[in-house]
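The values are calculated or read from the model by the stated rules, or taken from the named source; none is laboratory data. If you're wondering where the values come from, they're calculated on a predicted model, not measured in any experiment. As a convention, Cβ positions derive from the backbone with ideal geometry for all residues, glycine included, and neighbour counts pool all protein chains shown.
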Amino acid sequence: MFGFQPHSSYYYHDLVRVQNNVSDTIYVWYTLDGGMAELYDAGIMQLSAEDPSGEMWAQHAEIPIESGQRSGAISFYFHIPPQQKLMEFSGHINFHARVGVGEPKPMPPTGSSHGITVFTGLLLLAAGLWLVKGLRIRPI
């Protein structure tokens with residue numbers, strides 16, 4: 001991985017929050033593809049949605065956000081194993097949301113008439129590229 005050192009950990013706290021601007025409760029989840037999915041599957045990259053349990057937020061697991069509210073801090077963790085070779089990764093982190101109850105329906109990254117795509121991943125792709133390249137995001 002380019003920019004991250006083997007046998008190290010990187011934590012990006014409160015990188016993203018999701019705001020619910022509709023009149024109903026929404027249920028938010030995320031999907032990964034490409035190199036981001038590989039990092040997740042290998043246990044190198046994880047997301048956390050701030051909640052009382054403090055547990056990692058599993059891919060496809062939904063978090064409810066009430067009308068007019070926003071999610072807790074969504075943080076990113078990268079744990080680089082000692083044996084990790086330097087390489088470049090690319091991929092997308094897509095956040096999705098739906099209104100209503102029941103099982104989530106699969107949605108393409110651009111959304112559909114059955115739900116709302118909160119983020120198409122463009123913002124997070126840029127942030128992910130900055131993270132993978134080892135650049136730092138500084139608040140203004």
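Evaluated against (1) over 26 Å from Gln5 (Cα atoms); (2) surrounded by 17 or more Cβ atoms within 10 Å (Cβ to Cβ), Leu32 falls short on exactly one condition, (1). Which of the residues that make up region 55-102 are surrounded by fewer than 18 Cβ atoms within 10 Å (Cβ to Cβ), of a type in the set (Val, Ile, Thr) and modelled with pLDDT of 90 or more? The answer is Val99, and nothing else.
Tell me yes or no: at least one residue of region 15-35 is among the hydroxyl-bearing types (Ser, Thr, Tyr) and without any contact (Cβ under 8 Å) to a residue 24 or more places away in the chain. Among the residues of region 15-35, not one is among the hydroxyl-bearing types (Ser, Thr, Tyr) and without any contact (Cβ under 8 Å) to a residue 24 or more places away in the chain, which makes the answer no.
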